[in-house]
Amino acid sequence: MNAPSTTHYPAAPTAQKLETHTLSVLVDNEPGVLARVIGLFAGRGYNIESLTVSETEHRQHLSLITIVTTGTPMVIEQIKHQLDRLVPVHHVVDMTLAGNAIERELAMVKVKGKGDNRVEALRLADAFRARVIDATTESFVFEITGATDKIEQFINLMLPLGLVEVARTGIAAIMRGPEGM
Amino acid sequence: MKGNVMTREMTGAEMVIQALADQNVEHVFGYPGGAVLPIYDAIFSQNQVRHILVRHEQGAVHAAEGYARSTGKVGCVLVTSGPGATNAVTGLTDALCDSIPIVCITGQVPTHLIGNDAFQECDTVGITRPCTKYNYLVKRIEDLPRVLHEAFHIASSGRPGPVVVDVPKDIQFAKGVYSKPKDFPHTGYKPKLKGDMDKIKQAIDLMAHAKRPLFYTGGGVVNSGKAACDLLRELVKLTGYPITSTLMGLGAFPAADPKWIGMLGMHGTLEANMAMHDCDVMICIGARFDDRITGRLDAFSPGSKKIHVDIDPSSINKNVKADVPIVGDCAHVLEDMIRLWRTGAIHPDKKSLQMWWTQIDNWRSRKSLAYRSSNDVIKPQYAIQRLYELTKDKDVYITTEVGQHQMWAAQFYGFQEPNRWMTSGGLGTMGYGLPASVGVQLAHPKSLVIDIAGEASVLMTMQELSTAVQYRLPIKIFILNNNYMGMVRQWQELLHGGRYAESYSEALPDFVKLAEAYHAHGIRCAKPADLDRAIKEMIAIDKPVLFDCVVDPKENCFPMIPSGRAHNEMLLGDAGVSAEDAITEEGKVMV
């Protein structure tokens, strides 16, 4: 017997570069399907940055789940295969790899303030093409649609002007051009 | 059940049993309870499906696994709600890890009580979601026939696995129209069987020009069926390349063939692991690069091109990057490979192959499985060797528990045919072997079924001996009793400074008396000279036997790749042949 004196346990693997990908997952809209998808991410230690779900084809009971996730390229590939393996999953499309996808998000932004701040908020909202969907004498709720960075930028601008709270839908994505998934 | 129309009205409980019968289920392993009583009522009034009463629901699933793995059919389980379902979870997870087709019917409280914390209620579909291939909660009687048949289809196709069907009690009572199994146009679930032809051509091209090729095969070949095993044998014969296999793949290729270089991985042979490390083309068929196989990933077979055939795309590129990934069923892909090899006018580099075999024989000559024999105490390896010699000419099936005895069984029992070896590989479930042998013996009543066990493991599911006695299943439980949780003790010796925390099997029962208490037969053997006679006695007795084989408590299982080490960093026992030039420079430092 000639065991070395140092530990035989392995060192943790070294970190690799992370990437962010948007995945469109077409699923049967059946009870528990979202739990399966989320459980997969939780159980295998994957990240969810954003998640959007809604039934998109009522007649066939199909829902589209849009997930934004981060991981090494190998992990992202794993995620896609693991998703595809779930019985109620029809398609998994990596919108980031496909390269020509449009991504949009909707946010409702509540801002409270009076005087110059209130005027400035309204002006900026106009510049960002945000709509006023509720107003009181001391507040606005804006509705803004766009790519994530545009919404982030708008929220950052509202911060000093009296930002109260934000509700966001998460990302929906679709391919450009005539072809479907 | 009377009536023979394709569709007719019956209760949900009757549908469950009718569906099992229509799916050719002969045996269902189960345990009754409040929420499945209507189904048990349906069992009572028919004789197409035989119910086997186990003593614990975990035992039911393991028995169904043994049944499934030794026959290639779907194993079937019936348990009640709440504790019945939670007790089955270990078995379901085991079946998921080892890709065993199981359909498990669980009872559930009536639909109007679901979510009310009713008596014996648990969220069965929630609990079993991550440990099944798929699961259903049936809330409408109209869905029940479709779901039952779909469950069998999903469990047995593609990469097999366990499927749970949770049936509330009111659905069991409800009346509906039953329909026979047919093809279901399940749009989302279509396993791919044929491999991509371009990829298979690439693989054949790589194989044809290999200088140091190696087949690395796994449980996927066994799951693919007898045809896949025959095709594998043919391809190995055609190419003349060496072959190693994982724990789960044993028997797909005969251990007696000279091309066989033993099991690989943590307790694999030196020749198999060194060949993995040094090969230039690795042909992986139906295996999944598990951490017990690869050891340290960044030092895993650094110089090889890897061909990976698997039916599950998520197994490819999970741990190890494949150069030629082929998604498909082993039998289909092997068939294409053989055809291309035959028609391709391929001339492998004979000189390089000769050198490769010389190198492998060199590693073989170190006899990495050697151990120091003794006349005073039974060495566990010796016990397995004798068991093999005395049973190899019989129609024999082997199951195991988990630990040292399992690894010794894999190393020293030569498997020549598939479906003869039932072991818990992925999950490593102590207590698997005894109930599994119950399932195997039921499927093969005339065969010799042996559970090679450890004294710690076997106590985890000992109650199933009662099942074996009830159904007159003459299983042989061959316990390598070393008074320790042997593998735990070995790791503590090697990795934790010999501090044997809680690994001593204190207060063991007298296994001979225990056997008698169960109305089985007990044998104890502690001397090497008595072993052959005792094994022969065990084989001759036509009832369950508990064989207490008292072995050397200090023996370790070698060779061993400590977890996180590379294939050429094996620890060898002190009985092997030292041949300095049989190992690479890098390996010498460690070995």
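The values are calculated or read from the model by the stated rules, or taken from the named source; none is laboratory data. Every value quoted in this text rests on a predicted model; they were computed, and no experiment measured them. Note that each Cβ is placed from the backbone with ideal geometry, even for glycine, and that neighbours are counted across all protein chains shown. Heavy atoms of the whole protein, side chains included, go into the accessibility calculation; ligands, DNA and RNA do not. Shrake-Rupley method; radii C 1.70, N 1.55, O 1.52, S 1.80 Å.
Restricting the search to region B:430-455, which residues are part of a loop (DSSP other than H, G, I, E, B), open to solvent by less than 10 Å² (accessible area, probe 1.4 Å) and not small (Gly, Ala, Ser)? The answer is B:432, and nothing else.
Of all residues in region B:385-401, those satisfying the criterion of being surrounded by fewer than 24 Cβ atoms within 10 Å (Cβ to Cβ) and not aromatic (Phe, Trp, Tyr) are B:385, B:386, B:389, B:390, B:391, B:392, B:393, B:394, B:395, B:396.
Taken over region A:77-89, the criterion of being of a type outside the set (D, E, K, R), at the interface with chain B (Cβ under 7 Å from one of its Cβ atoms) and under 20 Å from the mean Cα position of the chain (by Cα) is satisfied by A:78, A:81, A:82, A:89. A residue that is surrounded by fewer than 18 Cβ atoms within 10 Å (Cβ to Cβ) and at positive phi occurs nowhere in region A:68-83. Within region B:38-73, the only residue that satisfies the criterion of being open to solvent by 30 Å² or more (accessible area, probe 1.4 Å), in contact (Cβ under 8 Å) with a residue 60 or more places away in the chain and hydrophobic (A, V, I, L, M, F, W, C) is B:53. Scanning region B:465-502 for residues that are under 27 Å from residue B:531 (Cα atoms), within 25 Å of the chain's Cα centre (by Cα) and not aliphatic (A, V, I, L, M) yields B:466, B:472, B:474, B:476, B:478, B:481, B:482, B:484, B:486, B:489, B:490. Taking the conditions exactly as written (farther than 24 Å from residue A:149 by Cβ, modelled with pLDDT of 95 or more and either open to solvent by less than 40 Å² (accessible area, probe 1.4 Å) or within 14 Å of another protein chain (Cβ to nearest Cβ) (or both)), does residue A:112 satisfy them or not? Spelling it out, it is not the case that residue A:112 is farther than 24 Å from residue A:149 by Cβ, modelled with pLDDT of 95 or more and either open to solvent by less than 40 Å² (accessible area, probe 1.4 Å) or within 14 Å of another protein chain (Cβ to nearest Cβ) (or both). All conditions in (1) within 22 Å of residue A:169 (Cα to Cα); (2) within 9 Å of another protein chain (Cβ to nearest Cβ); (3) without any contact (Cβ under 8 Å) to a residue 24 or more places away in the chain hold for residue A:38, with the sole exception of (2). The residue of region B:296-345 that is farthest from the chain's Cα centre (by Cα), among those that are assigned to a helix (DSSP H, G or I), within 14 Å of chain A (Cβ to nearest Cβ) and touching a residue at least 12 places away in the same chain (Cβ under 8 Å), is B:299. Across region A:47-65, a minimum of one residue is classified as acidic (Asp, Glu), in a strand (DSSP E or B) and within 14 Å of another protein chain (Cβ to nearest Cβ). Go through region B:277-295 and count every residue that is within 12 Å of another protein chain (Cβ to nearest Cβ) and either surrounded by 20 or more Cβ atoms within 10 Å (Cβ to Cβ) or at pLDDT 95 or above (or both). Selection size over region B:277-295: 2. Of the residues examined, residue B:548 is not one that is farther than 17 Å from residue B:521 by Cβ and not in a loop (DSSP other than H, G, I, E, B).
Results for (1) under 30 Å from residue B:277 (Cα atoms); (2) open to solvent by 30 Å² or more (accessible area, probe 1.4 Å), shown as yes or no for each residue.
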{"residue": "B:517", "(1), (2)": "no, yes"}
{"residue": "B:520", "(1), (2)": "no, no"}
{"residue": "B:526", "(1), (2)": "no, yes"}
{"residue": "B:545", "(1), (2)": "no, no"}
{"residue": "B:552", "(1), (2)": "no, no"}
{"residue": "B:565", "(1), (2)": "yes, yes"}
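Collect the residues in region B:528-538 that are open to solvent by 10 Å² or more (accessible area, probe 1.4 Å) and touching a helix residue (DSSP H, G or I) at 6+ places or on another chain (Cβ under 7 Å), keeping them in residue-number order. B:528, B:532, B:536 - these are the residues of region B:528-538 that are open to solvent by 10 Å² or more (accessible area, probe 1.4 Å) and touching a helix residue (DSSP H, G or I) at 6+ places or on another chain (Cβ under 7 Å). Those helices (runs of 4 or more DSSP H) of region B:82-158 in which 1 or more residues are more than 14 Å from chain A (Cβ to nearest Cβ), touching a residue at least 60 places away in the same chain (Cβ under 8 Å) and open to solvent by 10 Å² or more (accessible area, probe 1.4 Å) occupy B:83-97. Among the residues that make up region B:571-586, is at least one of them at pLDDT below 95, within 23 Å of residue B:371 (Cβ to Cβ), within 29 Å of the chain's Cα centre (by Cα) and among the β-branched types (Val, Ile, Thr)? There is no residue in region B:571-586 that is at pLDDT below 95, within 23 Å of residue B:371 (Cβ to Cβ), within 29 Å of the chain's Cα centre (by Cα) and among the β-branched types (Val, Ile, Thr). Anything in region B:35-53 that is touching a strand residue (DSSP E or B) at 6+ places or on another chain (Cβ under 6 Å) and over 21 Å from residue B:471 (Cβ atoms)? List them, or say none. Of everything in region B:35-53, just one residue is touching a strand residue (DSSP E or B) at 6+ places or on another chain (Cβ under 6 Å) and over 21 Å from residue B:471 (Cβ atoms), namely B:35.
Would you confirm, using the coordinates I've provided, whether residue B:542 is part of a helix (DSSP H, G or I) and away from chain A (no Cβ under 14 Å)? The answer is no for residue B:542. Those strands (runs of 3 or more DSSP E) of region B:186-276 in which at least 2 residues are open to solvent by less than 10 Å² (accessible area, probe 1.4 Å) and among the hydrophobic types (A, V, I, L, M, F, W, C), considering only elements entirely within it, cover B:213-217.
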